[in-house]
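Asker: Following this message is one structure expressed as structure tokens.
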Amino acid sequence: MQVTEIDFFRTDDAPGVARLFRQVYGEGYPIDIYYHPERLIEENTAGRVLSSVARTQTGEVVGHDALVLLDPATRLYENAAGVVLPGFRGQGVFFHLMKHNVFDYAKRFSLQEILGEPVCNHLQLQKMCLQLGYRETGMEVDLMPAAAYTKEQSAHGRVSVLLGYFLHKPVLRTVFLPPVYRDELEYIYAGMGVERTFAGTNRELPATGDSQGKIDTFVFAQVARISIHRIGSDFETFILRLENEACDKGTEIFQVWLPLTSPFASAATDILRMHGYFIGGLLPEWFDGDGLLMQKVKCETDWGSIALYSEHAKRIADIVKSDQEITKCTPSTAP
């Protein structure tokens with residue numbers, strides 16, 4: 001049977017999406033809304049998830065891809081939750097699902113950019129993204145848990161992903177580059193096709209003011225994402241407190257997203273490196289400006305298992321790996 005339709009999500013697709021995820025992932029997919037039809041309908045209705053589906057002529061859902069809202073203020077969405085039933089692979093189904101998300105949903109909702117995170121345990125998704133105009137800006141080391149790939153046996157440990165964007169309406173920005181990463185970040189910016197003015201930074205934290213941010217913990221994936229909205233004089237204490245909270249939940253992977261719109265980004269970066277964090281890459285338009293991803297992993301990264309397609313991605317991986325090795329040797333009081 002052939003796929004006959006790539007379409008926007010309808011409420012009667014929800015049970016088919018849940019069935020599809022169980023057929024492919026069992027109960028191992030780390031985001032559980034796709035297993036629950038009522039919740040998936042609610043999320044799509046609210047615009048927090050925008051699902052695209054592939055249907056057969058009988059209406060069976062055999063493919064799914066989604067845009068997930070990351071930042072309501074800037075309406076930044078992430079392309080995620082892509083899956084195709086094994087019997088329908090090799091027909092270009094997933095490529096057309098992703099194309100529907102990147103272009104049709106973007107046009108319908110006037111989206112400025114879409115985040116993409118193609119996995120690094122195979123090359124197929126990376127190739128698809130590049131064909132659709134994807135710009136690689138970083139690498140998230142060991143982001144996905146091995147349990148997510150147990151049923152299909154497509155990975156034997158945690159899986160790293162590339163970080164990048166489909167940029168529809170780039171905006172001119174001024175950013176404060178930490179000197180320790182200036183060469184690396186200028187290289188990444190050069191491949192993005194955006195206009196940026198690079199400004200000098202302050203190597204010291206502000207004398208007053210509290211840090212502001214939030215932490216999102218993904219217990220199944222053992223991942224914590226700390227988004228910093230304001231860098232204050234208490235930055236080090238603030239980060240370590242949030243780290244402790246995440247450690248209590250069994251977190252293995254820590255990410256900190258710093259605003260490059262702040263002249264204090266350099267001081268914050270230096271503090272994070274002292275506590276074992278290393279560069280991940282750029283987050284364009286994340287803070288109504290740009291952001292810097294810093295990351296730390298408790299497990300041992302299997303760099304030999306990471307598959308990369310483009311030379312640009314390989315260069316980014318070299319940057320990330322080199323900094324990980326340097327910060328491993330940095331004394332830390334972090335838990």
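The values are calculated or read from the model by the stated rules, or taken from the named source; none is laboratory data. Everything numeric here is computed off the predicted structure, so don't read it as measured data. All Cβ positions, glycine included, derive from the backbone under ideal geometry; neighbour counts span all protein chains shown. These area figures cover heavy atoms from the full protein model, side chains too; ligands, DNA and RNA do not enter into them. Shrake-Rupley method; radii C 1.70, N 1.55, O 1.52, S 1.80 Å.
Asker: Which residues, counting only those in the range 294-319, are open to solvent by less than 20 Å² (accessible area, probe 1.4 Å) and either touching a Ser or Thr at 6+ places or on another chain (Cβ under 9 Å) or on the phi > 0 side of the Ramachandran plot (or both)?
Answerer: Matches in the range 294-319: Met294, Thr301, Ile316, Ala317.
Asker: Going by the structure shown, is Ser305 at pLDDT below 95, touching a His at 6+ places or on another chain (Cβ under 7 Å) and more than 16 Å from Gly213 (Cα to Cα)?
Answerer: Spelling it out, it is not the case that Ser305 is at pLDDT below 95, touching a His at 6+ places or on another chain (Cβ under 7 Å) and more than 16 Å from Gly213 (Cα to Cα).
Asker: Related question: Checking Arg22 against (1) out of contact with any Phe, Trp or Tyr (no Cβ under 8 Å at 6 or more places or on another chain); (2) surrounded by fewer than 18 Cβ atoms within 10 Å (Cβ to Cβ); (3) of a type in the set (Lys, Arg), which test does it fail?
Answerer: With respect to (1) out of contact with any Phe, Trp or Tyr (no Cβ under 8 Å at 6 or more places or on another chain); (2) surrounded by fewer than 18 Cβ atoms within 10 Å (Cβ to Cβ); (3) of a type in the set (Lys, Arg), Arg22 is out only on (1).
Asker: Look through the range 201-247, keep the residues that are in contact (Cβ under 8 Å) with a residue 60 or more places away in the chain and open to solvent by 60 Å² or more (accessible area, probe 1.4 Å), and return whichever of them is nearest to the chain's Cα centre (by Cα).
Answerer: Top of the filtered list is Phe218.
Asker: Please give the helices (runs of 4 or more DSSP H) falling wholly within the range 63-137 in which 2 or more residues are within 20 Å of Pro30 (Cβ to Cβ) and open to solvent by 40 Å² or more (accessible area, probe 1.4 Å).
Answerer: Result: empty, no element qualifies.
Asker: Follow-up question, since we're still on this one. Please find, within the range 1-19, the residue that is surrounded by the most Cβ atoms within 10 Å (Cβ to Cβ) out of those that are acidic (Asp, Glu) and assigned to a helix (DSSP H, G or I).
Answerer: My answer is Asp13.
Asker: Turning to a different aspect of this structure: Being crowded, with 19+ Cβ neighbours inside 10 Å and either in a strand (DSSP E or B) or at positive phi (or both) is the filter here; which residues of the range 28-62 pass it?
Answerer: From the range 28-62, those crowded, with 19+ Cβ neighbours inside 10 Å are 29, 33-34, 40-41, 43-44, 49-54, 61-62; that's our starting set.
Val49, Leu50, Ser51, Ser52, Val53, Ala54, Val61, Val62 - these are the residues of the range 28-62 that are crowded, with 19+ Cβ neighbours inside 10 Å and either in a strand (DSSP E or B) or at positive phi (or both).
Asker: Shifting gears a bit: State which residue pairs qualify: first residue touching a residue at least 60 places away in the same chain (Cβ under 8 Å) and inside the range 85-103, second residue crowded, with 17+ Cβ neighbours inside 10 Å and aromatic (Phe, Trp, Tyr) in any location, beta carbons under 7 Å apart, and separation of 6 or more residues or different chains.
Answerer: Going by the 7 Å Cβ cut-off, the qualifying pairs are Val102/Phe166.
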